[in-house]
Each structure stands twice: as C-alpha cells, then as structure tokens.
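Enquirer: Take a look at this one; I'll ask things after.
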Amino acid sequence: MKASIIRMLTVGACIVSLAGMASAADPRGVNANSGTVGIVSGGVEGTYVRIAADLASVLDDGDALRVLPMLGKGSVQNLKDIALLKGIDVGIVQSDVLAYAKRERLLPNLDRRIKYIAKLYNEEMHILAGPDVTRIEDLAGRKVNVDVQGSGTSMTASLVFDMLGIRVDPQANDQALALEKLRKGEIAAMAYVAGKPTRLFRDLKAGDGLHFLSIPMSAALLDTYLPSRLTSADYEGLIKPGEQVDTVAVGAVMAVYGWERDVDRHRKVARFVDAFFSKFDEFLKPPRHPKWKEVNLAAEVPGWVRFEPAEQWLRQASMGKEPQSVAARKEEFRTFVEQRGVQPQQAEKLFEQFLLWQARSPQ
C-alpha cells in the first residue's frame, strides 16, 4: 500500500509540474489538463496522504476529472502551496492553520483566497503532565514539549497557550523522547494533537504518576476549536471510570483556493466538489480509510468560509428535509450547555458550536 501511494504521489507531482509544458508543446495537452485538480496532503506515514489517495481512487475518472495527490510538508506549508503554487487547487490542513497564518501575517487577504470544501475528522489536543502539575495554569514559565518545529502540534499548542494567556517554555522534542523526559521529570508536560485514543499513551497507567490536564473553554478558543473530552473509554489507564477531561479538538479540513466564478480553475474545482459529494458513500466502504466514517459533510468550521459550489451543493441536498422543531432544538441546546457547565449568559456565544455539536450527534 505504501509503495503504491508513493508512486501515485510521485506521478501526480510530475504531471502537475509538466502541465504547462504539455499544453504548449502538444495541442492534446489542453484537453488533458482541462479536468486536472492537484491536491497537496501530508507525509507518507500520515493519515492525510491516505485520504488524498482515496480521493484520487474514487473520483479520478481519467477523462472529465483527473485528481493528482501530492506529498505535503505540514499544514502551514500546505496553506502557502494552495495560495501560491499553480498546480495545487486543494489541500488537507488542520482547521486552526488559518488562525495561525492570520496571527503570523503569513499571507495577505487570506479570507478571500482560502476557503474550504468540507471538514473531515477531528483530532484532540492532549496535555499530559507530571504529578506536581494540577492545572494548566501551573505550566506558566515551565518546560512544555510541543513536538518538533513546524508540526501541527507545535502550531496548535502555540495558538492555544496564547489564547489562554499562558506563557510556557516550549521544547521541540519528538513525542517519544518527550514522554521519556516527562517520566523523568525533565519537563513539566507535553502537548500532543492526535485522534483519540493515540497509541503513544495507550499503555500508560495511573501508577506512572502522569495525568491529563483539562483545557478550560473560552470565547477565544471557541472561535477556532470545538469542545471535546477524553474519557476512561479512551484511556482507561489514566482516567477513572465516570471521569472525563475537557479539551479542544481541531478538525482536518479540505481547503481550496477561492477562485472567481469566471475562472477556468473555478469550474474544475466545482466539478471536483460535485463528484466528491455525489460519490461520498464510496468513501465509507473498504478499503477506504476508516476516518471517512467520522466525516459529516454539513459540519461547519469556525473562522472559515465554505467554497461557494460546496455550499450550494449542500443547500440543494438539504431541500425537502423536514426541519427539526424549535422545541427539540432548544432541548438539545440546553443539554449541550449543561454538559459543559456554561453559564446562561454565555449561551449565545456558544450557539454556533451547538449547531456543530448537533450535526455530529446521531439522529
């Protein structure tokens, strides 16, 4: 499987780089490139590259639509590639990369240039701490591992600690080494963004003296992240039955360049969007990646604007469905608020997050 993915990505990169040459040297190149959509993903060992490979396998019909997946170098670089590289229309990124890019002023006019087609699956933020740390605020001024420079965890940790107003001493060790340092007391905590339950913490026990820290929800965090929880079902060795640890989740997002309607690239990506939504059931079948089963196509992404063809497709697909009663919606919203211990006066700020929570809940 890994070898076939590498071959697919290598061929995709070569075709994209030669696209302009083909159309100039051979009249047939114009037709060959008329339906080409380039997708930048992640490293060969990660989930993003498997998702991109599935997109090519399901959607590429060899004629009207060519889907060319390529290896990527992380969410920040993927965002730049979508905005700047000619051969890339779509990319898979963490949902908080847009907030990070805005804060760091990486690119101008991002709100108009980068949009999204769909939210994919969630990845939770884990903060594992030593026995002398009881609250996340206790990490101020202390060594906290945030993974290697340029990683998704590093980016998310930077944003979350900044939003919480907690200044830590960031360490850039790989996660396996960080866990050893945490056990030895050389660092106070380690941050790790991964879909729960992650294998790294699977064998840890309460006797190791390590525990997860809760991340207190705030209006600033809710602008970018979704509320989530770690439970004993996820980590029975670290969390007692019936207990839970509040945290935040960051979504994987299928991002896209916001082409104008009268541009040919807009028409090509619109064709990709239509094929993706129309054939989505195919992604839920073997041998596609199991993470596809977590995708809710209607889920929104805080801080992002959906690509117009995707918004239009979803709007049309929802027509004719019987709307939920107002009373039922209020009851679900009350449950949502009570579960998170939110004061009534804060409820209005959480309404958008309630809609996302409701969309993810089984009907």
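Enquirer: What shape does segment 150-283 take by its C-alpha gyration tensor, where a ≥ b ≥ c are the square roots of the eigenvalues and a/c under 1.5 counts as rounded, a/b above b/c as prolate, and the rest as oblate?
Expert: prolate
Enquirer: Identify the residues of segment 224-244 with backbone N under 17 Å of a label point that sits 7 angstrom from the Cα of K205 along the Cα-to-Cβ direction, or state none.
Expert: Counting backbone N atoms under 17 Å from the label point, the list is 235-241.
Enquirer: T231: net charge of surrounding residues, Cβ under 14 Å, Lys/Arg +1, Asp/Glu -1, itself excluded?
Expert: On the way: positive: K196, R229, K240; negative: E124, D234, E236, E243, D246.
Cβ neighbours under 14 Å give a net charge of -2.
Enquirer: Another question, then. Sorted by packing (mean other beta-carbon atoms within 10 Å per residue), highest first, where do 91-102, 282-293, 187-198 land?
Expert: 91-102, 187-198, 282-293
Enquirer: In angstroms, what radius of gyration and Dmax does segment 224-264 have, counting Cα atoms only?
Expert: Cα radius of gyration and Dmax of segment 224-264 are 18.8, 57 Å respectively.
Enquirer: Please give the FRET efficiency for E282 paired with R315, using the beta carbon to beta carbon distance and R0 = 30 Å, rounded to the nearest 0.05. Mind showing how you got there, number by number?
Expert: Numbers: r = 22 Å, r/R0 = 0.75.
Approximately 0.85, to the nearest 0.05.
Each reported figure results from applying straightforward, stated rules to the coordinates on display, with no laboratory input. Being a predicted model, the structure only gives us computed values, none of them experimental. With ideal geometry, Cβ positions are generated from the backbone for all residues, glycine too; neighbour counts draw on all protein chains shown.
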